[in-house]
1. Please report, ordered by residue number, the strands (runs of 3 or more DSSP E) entirely within region 160-250 with at least 1 residues that are under 18 Å from residue 19 (Cα atoms) and in contact with a strand residue (DSSP E or B) (Cβ under 8 Å, 6 or more places away or on another chain).
2. For residue 315, indicate whether it is touching a helix residue (DSSP H, G or I) at 6+ places or on another chain (Cβ under 8 Å), closer than 30 Å to residue 108 by Cα and not in a helix (DSSP H, G or I).
3. Got at least one residue in region 21-38 being more than 21 Å from the chain's Cα centre (by Cα), surrounded by fewer than 17 Cβ atoms within 10 Å (Cβ to Cβ) and over 23 Å from residue 89 (Cα atoms)?
4. In this structure, is residue 178 surrounded by 24 or more Cβ atoms within 10 Å (Cβ to Cβ), in contact with a helix residue (DSSP H, G or I) (Cβ under 8 Å, 6 or more places away or on another chain) and under 20 Å from residue 65 (Cα atoms)?
5. Of everything in region 317-340 that's more than 17 Å from residue 280 (Cα to Cα) and touching a strand residue (DSSP E or B) at 6+ places or on another chain (Cβ under 9 Å), which residue is modelled with the highest pLDDT?
6. Taking residue 254, is it over 30 Å from residue 137 (Cα atoms) and surrounded by fewer than 15 Cβ atoms within 10 Å (Cβ to Cβ)?
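The values are calculated or read from the model by the stated rules, or taken from the named source; none is laboratory data. Keep in mind it's a predicted model, so treat the numbers as computed, not measured. Ideal geometry is used to build each Cβ from the backbone, glycine not excepted, and the neighbour counts take in all protein chains shown.
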């Protein structure tokens, strides 16, 4: 294994793009530290003017959300492969020592009507971050909470046109906002172009299921990852997957679609994963998902055509323990298993 490689926060972009020159070239098994900016590009500070509407926020931060690192090229990766990204550590507040959320008046109006919006927005909240402790201003005091770090945006480059880092797609990942993409987890992504071209960013110190305001506790971070190339010989991956010591799951993430379609897509992919991992027929794997599956709504944001509705369908290893003797230990290798 090569010494840890560090990608500076100054090397960032706002898309997943196969035409972008890589910031680093690595081998399967290499460990990297990716320095990230928050979703506001670290431009939203206590010195900012009043930012009433979302257009005001965008004008202040430069017109775009969600910077991700310029891509990482993985030697030997080819279209049809899979890239396993082990999340080894997330050190929060790397460039500012704080987290920030913003509730715009136009969002609050769409969410709860004009009277509700007038009572809550616009609101910018700054929290201090010291290691794993978040000091959040609540009720006129700073209340301490334990951080729950996660990566909001992670993906590979699509084979066609560039994709905004604010959106997502089953073919490459993106702004998944899945709380389970955290230290100890492995994210498995499709490879569409030579080298995979991995990018990530949009780290959160805290985020509830659904991210209902569209903004979590956004922060800069130093993210330590290991990349592992998987040449499975199986069919191409249809959805990003998340595997950890507690369970395994698939993410339904077709942008601008409805929740039910994303749930169905993730459940179908989890059925395929169980088939391969435990040598099961489709009907048996479907019954396992039906009887033991858990659904987490990653995002419940926006309205109409402007909506984010990614979802994780998951099953716990403890519910699969009667099948352990059948397990192939093939696709569903987590970060902790890889270390062991």
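1. 186-190, 196-206
2. So residue 315 fails the test.
3. Yes: one or more hits.
4. No.
5. Narrowing region 317-340 to residues more than 17 Å from residue 280 (Cα to Cα): 318, 333-340.
Okay, now just the ones that are also touching a strand residue (DSSP E or B) at 6+ places or on another chain (Cβ under 9 Å), so 318, 333-339.
Values: 318: 97, 333: 81, 334: 78, 335: 74, 336: 71, 337: 76, 338: 72, 339: 64.
So, considering only residues that are more than 17 Å from residue 280 (Cα to Cα) and touching a strand residue (DSSP E or B) at 6+ places or on another chain (Cβ under 9 Å), the one modelled with the highest pLDDT is 318.
6. Values: over 30 Å from residue 137 (Cα atoms): yes; surrounded by fewer than 15 Cβ atoms within 10 Å (Cβ to Cβ): no.
Spelling it out, it is not the case that residue 254 is over 30 Å from residue 137 (Cα atoms) and surrounded by fewer than 15 Cβ atoms within 10 Å (Cβ to Cβ).
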